[in-house]
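The structure appears below as structure tokens.
The values are calculated or read from the model by the stated rules, or taken from the named source; none is laboratory data. All of these numbers come straight from a predicted model, not from anything done at the bench. With ideal geometry, Cβ positions are generated from the backbone for all residues, glycine too; neighbour counts draw on all protein chains shown. With ligands, DNA and RNA removed, areas are computed over all heavy atoms of the protein, side chains included. Shrake-Rupley method; radii C 1.70, N 1.55, O 1.52, S 1.80 Å.
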Amino acid sequence: MTEQPPPVTAAVRVAELHVLREQARLGPSEKATEAQRAKGKLTARERIDLLLDPGTFQEVEQLRRHRAVGFGLEAKKPYTDGVITGWGTVEGRTVFVYAHDFRIFGGALGEAHATKIHKIMDMAIAAGAPLVSLNDGAGARIQEGVSALAGYGGIFQRNTRASGVIPQISVMLGPCAGGAAYSPALTDFVFMVRATSQMFITGPDVVQAVTGEEITQNGLGGADVHAGVSGVSHFVHDDEETCLAEVRYLISLLPSNNREMPPPLPPGDDPADRRTDVLLDLVPADGNRPYDMRKVLEEIVDHGDLLEVHEHWARNIICALARIDGRVVGILANQPQFLAGVLDIEASEKAARFVQLCDAFNIPLLTLVDVPGFLPGVSQEHGGIIRHGAKLLYAYCNATVPRISLILRKAYGGAYIVMDSQSIGADLTYAWPTNEIAVMGAEGAANVIFRREIAGSDHPETVRAEKIAAYKSELMHPYYAAERGLVDDVIDPAETRKVLAAALAMLRTKHADLPSRKHGNPPQ
């Protein structure tokens, strides 16, 4: 009689489980880990540990393996299939995450890999919690053919379904090429790390073969290119640790979903009624003199803390998240230091999307205006400044969150209307005594209105100066708009923070509905 092996106990099975989990946790090999670090990159699990509160990560489908055959795949079936998925907390709030593991198949996406991502995205949408993707992958897994491409389609469909419902943050920590780049483009924010992350649809080799142009990966799609030239990346950092710390900070400023308000903080030691006397010296009364609008904002917000979005792209307008009296506010402001703060194609696009983001996630909008108009020129007109400028106009008109505008100096022409004027629905409009609200500057207006009189004069320059002074006196004095109800109040700059904090507190319970419709048709 054959002797039977001893029965398998629960303790044996548990021991086997721990061995498998340890294999999945360690990854393919120490050599693969060393290769990852040699590129200046952390492992996927190290990144998750930096992103989430310590000890809170709960992994999903850790033991998942692919079922593909052919091209040697059947002999290589590592656990996780090259992507780590799960959830944890950031400052105590639930956050879902998936992280490509470049050590396994170069982080390439196959069918099982994609299915794991689909599942965690569905969980994030159902739970109403932010989703962070830590991207470090080589694109579609070629050996799996069209199944891999279909996996990307499922991700794109979920990105779109989650848009405006939960915050979606893409963190680029390695390569992202081909169709894979479209998922980050569909999310709310894109972070990149210099030297190690790149994004492009076609790589340098293809570009050279097709166009003859020679360029490096970073020159084509590196962090600084996308942060300052293309506008694809919202934030850029020198290392992964700083980048992930900034992701945590961003999450602290956002609500978990579109049904919640951004998390408030206690007012702390920066009182809402703090005077801002220094603003009198920061902003010159002469509209032709530049100044740094960021310094103005730092005086107004709590502790001078600003998280500027797209800091290096379209620098003639500032978009930032900050707090006033402990509550989150989205700030848009013309930047006179760059192109005199004019609106152009890129500034309009940047601001329009930021307005839409804030409106989607219940973040009040504060607009600081010092704009001489839209940028003139053939390139701007041929580039479609009309339709691009209309994007910003549409975004403001469509926004239902509290909206406050403050006119510091110049507010000329159509740009004045577009920058959330009272006529397009701003709830409250304030102005400093240095404001100049007009169809155009006094010099241009006088040249148009009094053209014949100036030309026919024996002393045209004297007459021009007289007419400019008369136009300013009659139509551009600081109280002209207030007298006609287009400005709710002209305020002392030293009381700016106090006034804005009180207005935001009053508007906290604002409720506004849009007409019933499937969706609008914004300018493209």
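Pairs linking a residue in the range 154-170 that is more than 20 Å from Glu260 (Cβ to Cβ) to a residue that is surrounded by fewer than 21 Cβ atoms within 10 Å (Cβ to Cβ) and charged (D, E, K, R), with Cβ atoms under 8 Å and 6 or more positions apart or on different chains, are Arg158/Asp122.
Given the condition touching a residue at least 40 places away in the same chain (Cβ under 8 Å), hydroxyl-bearing (Ser, Thr, Tyr) and either part of a strand (DSSP E or B) or under 24 Å from Gln217 (Cα atoms) (or both), answer yes or no: does some residue in the range 140-149 qualify? No, because not a single residue in the range 140-149 is touching a residue at least 40 places away in the same chain (Cβ under 8 Å), hydroxyl-bearing (Ser, Thr, Tyr) and either part of a strand (DSSP E or B) or under 24 Å from Gln217 (Cα atoms) (or both). Between a residue in the range 486-515 that is among the hydroxyl-bearing types (Ser, Thr, Tyr) and any residue that is surrounded by 15 or more Cβ atoms within 10 Å (Cβ to Cβ) and assigned to a helix (DSSP H, G or I), which pairs come within a Cβ distance under 9 Å, given they are 6 or more apart or on different chains? That search, which allows pairs on different chains as well, returns Thr496/Leu279; Thr496/Val296; Thr496/Glu299; Thr496/Ile300.
Which residue is nearest to Asp359 (Cα to Cα), if the candidates are limited to the range 254-283 and must be free of Cβ contacts under 8 Å to residues at least 60 places away in the same chain, open to solvent by 20 Å² or more (accessible area, probe 1.4 Å) and out of contact with any Lys or Arg (no Cβ under 7 Å at 6 or more places or on another chain)? The extreme case among them is Pro267.
On the stretch given as the range 75-103, residues that are open to solvent by less than 30 Å² (accessible area, probe 1.4 Å), of a type in the set (D, E, K, R) and within 26 Å of the chain's Cα centre (by Cα) total 1. Restricting attention to the range 268-280, and to residues there that are touching a helix residue (DSSP H, G or I) at 6+ places or on another chain (Cβ under 8 Å) and not aliphatic (A, V, I, L, M), which single residue is modelled with the lowest pLDDT? Among them, the one singled out is Gly268.
Residues satisfying the criterion are absent from the range 473-487 (criterion: out of contact with any Leu (no Cβ under 9 Å at 6 or more places or on another chain), part of a loop (DSSP other than H, G, I, E, B), of a type in the set (Asp, Glu) and surrounded by fewer than 11 Cβ atoms within 10 Å (Cβ to Cβ)).
The one condition from (1) in a helix (DSSP H, G or I); (2) open to solvent by less than 30 Å² (accessible area, probe 1.4 Å); (3) touching a residue at least 40 places away in the same chain (Cβ under 8 Å); (4) closer than 22 Å to Phe57 by Cα that Ile117 does not meet is (3). I'm trying to understand the selection: among the residues of the range 45-74, which are within 19 Å of Leu26 (Cα to Cα), in a helix (DSSP H, G or I) and open to solvent by 30 Å² or more (accessible area, probe 1.4 Å)? Within the range 45-74, Arg45, Glu46, Asp49, Leu50 qualify.
Residue-by-condition table, conditions (1) surrounded by fewer than 17 Cβ atoms within 10 Å (Cβ to Cβ); (2) aliphatic (A, V, I, L, M):
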site: Pro167; (1), (2): no, no
site: Val171; (1), (2): no, yes
site: Ala185; (1), (2): yes, yes
site: Met192; (1), (2): no, yes
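Here Gln198, Gln157, Gln208 are screened, and the one residue that is touching a Leu at 6+ places or on another chain (Cβ under 8 Å) and of a type in the set (S, T, N, Q) is Gln198. Residues in the range 295-334 that are in contact (Cβ under 8 Å) with a residue 40 or more places away in the chain, open to solvent by 10 Å² or more (accessible area, probe 1.4 Å), closer than 30 Å to Gly268 by Cα and in a loop (DSSP other than H, G, I, E, B): His310, Glu311, Asp325. Residues that are open to solvent by 100 Å² or more (accessible area, probe 1.4 Å) and more than 46 Å from the chain's Cα centre (by Cα) were ranked within the range 6-30; the one that is farthest from Ile84 (Cα to Cα) is Pro6.
Every condition in (1) touching a residue at least 24 places away in the same chain (Cβ under 8 Å); (2) open to solvent by 10 Å² or more (accessible area, probe 1.4 Å); (3) not in a helix (DSSP H, G or I) is met by Gly106 except one, and the failing one is (3).
All of Ile169, Ile155, Ile215 fail the test of being in contact with a Ser or Thr (Cβ under 7 Å, 6 or more places away or on another chain) and not in a helix (DSSP H, G or I), apart from Ile169.
For the range 381-426, a residue qualifies if it is closer than 22 Å to Pro522 by Cβ and in contact with a Pro (Cβ under 6 Å, 6 or more places away or on another chain), and the qualifying residues are Arg387, Ala390, Lys391, Tyr394, Val401, Pro402.
With among the acidic types (Asp, Glu), more than 27 Å from Leu254 (Cβ to Cβ) and either surrounded by fewer than 21 Cβ atoms within 10 Å (Cβ to Cβ) or at pLDDT 95 or above (or both) as the only criterion, which of Asp344, Asp359 stands out? Unique residue meeting the criteria: Asp344. Within the range 402-433, the set of residues being in contact with a helix residue (DSSP H, G or I) (Cβ under 8 Å, 6 or more places away or on another chain) and hydroxyl-bearing (Ser, Thr, Tyr) comprises Ser405, Ser423, Thr429, Tyr430.
Among the residues that make up the range 169-176, is at least one of them under 25 Å from Val401 (Cα atoms) and among the hydrophobic types (A, V, I, L, M, F, W, C)?
Yes, there is a match, as at least one residue in the range 169-176 is under 25 Å from Val401 (Cα atoms) and among the hydrophobic types (A, V, I, L, M, F, W, C).
The set of residues in the range 194-212 that are of a type in the set (A, V, I, L, M, F, W, C) and either surrounded by 13 or more Cβ atoms within 10 Å (Cβ to Cβ) or not in a helix (DSSP H, G or I) (or both) comprises Ala195, Met199, Phe200, Ile201, Val206, Val207.
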